[in-house]
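Trainee: One structure follows; several queries about it will come next.
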Amino acid sequence: MGTPLFCLIGLYALGFLIAAQPSLTMLFAGKVVVAAYFLVSTLLGIYLYSYRVILDATSIRTGALFLRKMEFADVVRAKYAQDNDSGQIILYASNGMRIRIGETINDFADCARAINSRLPMHLLITPAGRTTDVLSGSDLV
């Protein structure tokens, strides 16, 4: 829930910095570009806010405007991929369709448990735990 808001705040801040340039906003084309930038930023925020992951007993649907549906019976591979800062669950269907669910969604852990409970035993997702460096007493000196 916080990702769309912070994205929108960041894009608006950049837009205000661009709009503060008098050489850009004196021209009519510059005003149109600034207005288009704010429109696109707002639409991106709405898209990110309306993104949904819907689980039922037999399928998963994801998306914002056009939901993509995958039956759990069609899943041939499921994995947890760790990127630099966040991870994601990737489900592969037998027809080649792929669904990604990133950790940026609200209640990712509950979503991962719900997906795991609906997958066959041989396809269970085992997320690699995040490792953090913990300093002991002798390392602090």
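The values are calculated or read from the model by the stated rules, or taken from the named source; none is laboratory data. None of these values were measured; they are calculated from a predicted model. No Cβ is skipped: glycine too gets one built from the backbone with ideal geometry, and neighbour counts run over all protein chains shown. These accessible areas exclude ligands, DNA and RNA; they are computed on the full protein's heavy atoms, side chains included. Shrake-Rupley method; radii C 1.70, N 1.55, O 1.52, S 1.80 Å.
Trainee: Suppose we keep only residues that are under 16 Å from the mean Cα position of the chain (by Cα) and loosely packed, with under 12 Cβ neighbours inside 10 Å within region 51-67. Which one would you say is modelled with the lowest pLDDT?
Mentor: Once the filter is applied, the top-ranked residue is Leu65.
Trainee: Spot the failing condition for Arg77; the list is (1) charged (D, E, K, R); (2) under 27 Å from Leu8 (Cβ atoms); (3) in contact with a Leu (Cβ under 9 Å, 6 or more places away or on another chain), and only one is missed.
Mentor: (2)
Trainee: Does at least one position in region 61-78 carry a residue that is in a strand (DSSP E or B), basic (Lys, Arg) and free of Cβ contacts under 8 Å to residues at least 12 places away in the same chain?
Mentor: Looking through region 61-78, at least one residue is in a strand (DSSP E or B), basic (Lys, Arg) and free of Cβ contacts under 8 Å to residues at least 12 places away in the same chain.
Trainee: So is Leu24 touching a helix residue (DSSP H, G or I) at 6+ places or on another chain (Cβ under 6 Å) and within 30 Å of Asn106 (Cα to Cα) or not?
Mentor: no
Trainee: For the subset of region 98-127 comprising residues that are in contact (Cβ under 8 Å) with a residue 24 or more places away in the chain and farther than 20 Å from Asp56 by Cβ, which member is surrounded by the fewest Cβ atoms within 10 Å (Cβ to Cβ)?
Mentor: Going through the qualifying residues, I end up with Thr126.
Trainee: Being open to solvent by 40 Å² or more (accessible area, probe 1.4 Å) and farther than 23 Å from Pro4 by Cβ is the filter here; which residues of region 83-97 pass it?
Mentor: Tyr92, Ser94, Asn95, Gly96, Met97
Trainee: Collect the residues in region 87-105 that are at pLDDT below 85 and under 22 Å from Ile46 (Cβ atoms), keeping them in residue-number order.
Mentor: Across region 87-105, the qualifying residues are Gly102, Glu103, Thr104, Ile105.
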